[in-house]
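Peer 1: Handing you a structure now.
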Amino acid sequence: GAVARLAVYAVLVMALLPVFWPVLRIDYWGVLSQALLNASSNTLSPRSVLFWGQHISPQHLPWHYIPSWVLVTTPIPYQMLMLAGAVAIAMRWSAKWRAVLRAPGQDVVAACWLVAPLASTLLLRPILYDGWRHMFFIYPALLYLGACGAEELWRRGEPWMRTRPAWMRRAAAIGATAACLAPAASFMVTSHPFEHLYFNRFAGADLAAARDRFDFDFWGLSYRPMLEQLARIDQSPAIRVRVENYPGVANSVMLDPADRRRLQYAKSLDEADYYITNFRFPDDPKPATGELFSLRLGAATVASLYRLHQP
């Protein structure tokens, strides 16, 4: 039965964890317990996160932090299918509670896969930040709900489709699939390599509105084109630049070695000739003049390069 399969699954997970998480070989229970307990006392968290337009402490996140991020970063057609799938599964279980125990094993696994981690965030109150990257592993369970929703919608439409020619049924299937995938696929192609900046209309009318409401380029990938542009603008042997956060330094390893050697990172704006920011926090400096180049995605300014004074 489903309970037996879940029990076997739990045992296999515990047994295989050290294979895929080698640090557990040092102290299995110690490392595992500390990973769970220390999640609520992470000293490396940022000083604030931007959530629905408010800068709040990662130590005091509202209960709907993860659901909100899922809402604004998952394509809306996917969400509609996920909702339909959740309703379909609930209907399969609605007759009586014993139906849960007789439900298809994958339904039970997907439900536990999704609900257990979300419930743990409510009970343990871990420190989460920079979107829902801490919970990306629940996305396959959400996709399973979407697949169940698509299957249920197709099943309900089958009586109508059965009377149509085969080519029309194929066209309907291809068209429905394309309608679901096209918006997200289009954004991925046109926004590469900044696909991580996807937001749907729930986050705002455009990306500029989304940037003002949620943490945007927290990975700092926008620093690379900024540094490349700076190397083209200034051909001097030493370029004194101030970057607002660590990704501005980390991205330099992707530059041409000759350009990388010319960069000199300043500790303050007074010591720098140039300044680059990805607008991570509200108190980051934003010079009123001297903008040389900005990376824009749709209506949103992702990062900017400023000349502070002539080198």
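Peer 1: Which FRET efficiency, nearest 0.05, do Y246 and S268 yield, Cβ-Cβ r, R0 22 Å?
Peer 2: With R0 = 22 Å, the Cβ-Cβ based efficiency is 0.90.
Peer 1: How big is the equivalent ellipsoid of the chain along its three axes, where each semi-axis is √(5λ) from the Cα gyration tensor, reported in whole Å from largest to smallest?
Peer 2: Here the semi-axes work out to 44, 27, 18 Å.
Peer 1: At a Förster radius of 22 Å, what calculated FRET efficiency corresponds to the Cβ-Cβ distance of L122 and W52, to the nearest 0.05?
Peer 2: Result of the calculation: an efficiency of 0.75.
Peer 1: Another one. Please list, in order, the residues from segment 280-307 whose amide nitrogen is less than 15 Å from a point placed 7 Å along the Cα→Cβ vector of T190.
Peer 2: Within reach of a label on T190: 296-300.
Peer 1: How do 136-147, 263-274 rank on mean C-beta neighbours within 10 Å, highest first?
Peer 2: 136-147, 263-274
Peer 1: Under 15 Å from a point 7 Å along the Cα-to-Cβ line of M254: which residues of segment 174-212 have their amide N that close?
Peer 2: 191-197
Peer 1: Further, regarding this structure: Would you mind checking the radius of gyration and Dmax of segment 198-281 based on alpha-carbon positions, in Å?
Peer 2: Gyration radius and largest Cα-Cα distance of segment 198-281: 14.8, 47 Å.
Peer 1: Leaving ligands, DNA and RNA out of it, report the carbon-plus-sulfur percent of the accessible area of the chain at a 1.4 Å probe.
Peer 2: Answer for the chain is 65 percent, counting heavy atoms of protein chains only.
Peer 1: While we're looking at this one, here's another question. Distance from a point 7 Å along Cα→Cβ of F136 to each backbone N in segment 191-220: keep the residues under 17 Å and list them by number.
Peer 2: It comes to 192-199, 215-220, nothing else.
Peer 1: R0 = 22 Å: FRET efficiency of A179 with L71, Cβ-based, nearest 0.05?
Peer 2: 0.60
Peer 1: With everything on Cα atoms, drop me the angle between helix 76-93 and the longest principal axis of the chain, reported from 0 to 90° to the nearest 10.
Peer 2: 30 degrees
Peer 1: Could you work out [θ]222 nm for the chain from helices alone, using -39500 (n - 2.57) per DSSP H run of at least four and dividing by all its residues? Round to the nearest 500 deg cm²/dmol.
Peer 2: Per the formula, -16000 deg cm²/dmol.
Peer 1: On to the next question. Can you work out the accessible area per residue across segment 181-241, with the rest of the protein chains kept in place, probe 1.4 Å, in square angstrom?
Peer 2: Roughly 49 Å² per residue, with all protein chains present.
Peer 1: Still on this model: I want the antiparallel fraction of DSSP beta bridges within the chain, as a percent rounded to 5.
Peer 2: Percentage antiparallel, nearest 5: 70.
Peer 1: How far is helix 105-124 tilted, in degrees, relative to the longest principal axis of the Cα atoms in the chain, given as a value from 0 to 90 rounded to the nearest 10?
Peer 2: Value to nearest ten degrees: 50.
Peer 1: Another one. Between Q59 and E291, what is the spin-label point distance in nm, taking each point 7 Å from the Cα along the Cα→C-beta axis?
Peer 2: 3.6 nm
The values are calculated or read from the model by the stated rules, or taken from the named source; none is laboratory data. It should be emphasised that the depicted structure is a prediction, and the values quoted were computed from it without experimental measurement. As a convention, Cβ positions derive from the backbone with ideal geometry for all residues, glycine included, and neighbour counts pool all protein chains shown. When the accessible area is computed, the model is the full protein with side chains, heavy atoms only, and any ligands, DNA or RNA have been set aside. Shrake-Rupley method; radii C 1.70, N 1.55, O 1.52, S 1.80 Å.
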